[in-house]
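The values are calculated or read from the model by the stated rules, or taken from the named source; none is laboratory data. Here the structure is a predicted model, which means the values were calculated and not measured. Neighbour counts are summed over all protein chains in view; Cβ atoms, including those assigned to glycine, are modelled from backbone coordinates with ideal geometry. The area values use the complete protein model at the heavy-atom level, side chains included, leaving out ligands, DNA and RNA. Shrake-Rupley method; radii C 1.70, N 1.55, O 1.52, S 1.80 Å.
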Amino acid sequence: HINMSKCCYIHFQPKSTFDETCARTRPFSIKNDPGKAIFINGQEIMKVTSTKFLGIVIDEKLNWAAHKEHLIKKLRSATGALCRIRRSIPPEHYTKIYSSLFESHMGYGITVWGVVLQEKTDDRVFITQKHCVRILFGDLKAYLNKHATCARVRPFGFQKLGAEFYSKEHSKPLFNQLKILTVQSLFKYHCITELYKIMKFRTPYSLYNAVSVSQRDQSYTIILPKKTNTFLWRASLAWNSIHKHILKVENGFATSVSTIKQRTKCIILGCQGLGNPQLWTPDNFTLSSITILTKSASAYQNSEKIVEVEA
């Protein structure tokens, strides 16, 4: 039985401009034209530009803009709920409620729609995430003390508030202290772990068949497919940047998934903490900074050995 009230269809069109001579670019259905509509049992199916399927909003352009807007509204609603209940919950449980009420929504299907995330600080999803982290884990007393007095009772010369008063608390120390992944890092984390499971368990076979692993020196490097803004290309790119640090040649795909997840998260968190301890830098959103991380780690290990020898 088909529920016709929930049925709809989307016409996916190529990005090329409209050309009346090409059948692929002409609209499939013209408004108020019953001859070009779709019917089931005599009932017309509604045409839509976007619809929700398994929790993911799919639009006719497949650019995930509609899902991003839907997600931001949901995350803002979750942030408001956390703000209202935080004083009724012990602080030691804040991380758990953040993971269950906020990060669970943000991470759902992120390997599909996460390709539209910008590796910048002004990404709207990242801005919403920082707002939630400040509310839940930030210094509430310092924030309330700013507004504890009015301008009439402040000392002479301090009635006007400068830019320092309106500046927000830095979120980078909170992320690194609590080991919270940014939304950009969360996308890379899920891409790497999902791609490893595809290669390890060989399922789904359609994606496994599309992955081409180089057999040269058992490096487990993936031969990159054609450059597209899709999961397969972005995941392959991230895997090639990190696989030498999380996968040992002698173990190969016998390494457990939990081990890969733990190593991947540690490396990504290390990249998040590079650079200025207060401000976000471009290296915090890319895996290309792994080389900087490994060089600093090796230098630290060498300095420890020198100290031991001198002792």
Rounded to one decimal in nm, the spacing of the 7 Å Cα→Cβ label points at Glu250 and Leu279 is 4.6 nm
Dipole size in debye (nearest 20) for segment 94-137 around its Cα centre, Lys and Arg Cβ +1, Asp and Glu Cβ -1? 160 debye
Cα→Cβ-extended label distance, 7 Å offset, between Arg76 and Glu169, nm: 2.2 nm
Going through segment 247-287, which trypsin sites (Lys or Arg not before Pro) have at most 15 other Cβ atoms within 10 Å and a DSSP loop state? Lys248
What are the equivalent ellipsoid semi-axes of segment 34-109, built from the alpha-carbon gyration tensor (square roots of five times its eigenvalues), in whole angstrom, biggest first? 39, 12, 10
How much area per residue is accessible in segment 125-192 when the probe is 1.4 Å and only protein heavy atoms are counted (Å²)? 60 Å²
Inter-label distance, nm, simple model (7 Å from Cα along the C-beta direction), Lys226/Tyr9: 2.7 nm
Taking +1 at the Cβ of each Lys and Arg and -1 at the Cβ of each Asp and Glu, which of Phe126, Val115, Phe137 sits farthest along the dipole of segment 85-147 towards its positive end, judged by Cα position relative to the Cα centre? Phe137
For a protection proxy built on the mean count of beta-carbon atoms within 10 angstrom, sort 225-237, 107-119, 196-208 highest first, please. 107-119, 225-237, 196-208
Would you mind listing how long segment 125-210 runs along its three principal axes, going by Cα atoms, in whole Å with the largest first? 73, 19, 14
Considering the Cα trace of segment 236-284, what is its radius of gyration and what is Dmax, both in angstroms? 13.0, 40
Starting from 0.36 nm per residue, how many nanometres of slack lie between Val153 and Trp233 once their C-alpha separation is accounted for? 22.8 nm
Going through Lys179/Lys261; Lys197/Lys248; Lys200/Lys227; Lys120/Lys226 one by one, the pairs whose alpha carbons sit over 20 Å apart turn out to be Lys200/Lys227; Lys120/Lys226
Ratio of alpha-carbon Rg to the 2.2 N^0.38 Å globular estimate for segment 55-208, to two decimals, please. 1.32
Starting from 0.36 nm per residue, how many nanometres of slack lie between Thr259 and Asp139 once their C-alpha separation is accounted for? 39.8 nm
Segment 156-277, dipole about Cα centre (Lys/Arg Cβ +1, Asp/Glu Cβ -1), debye to the nearest 20: 200 debye
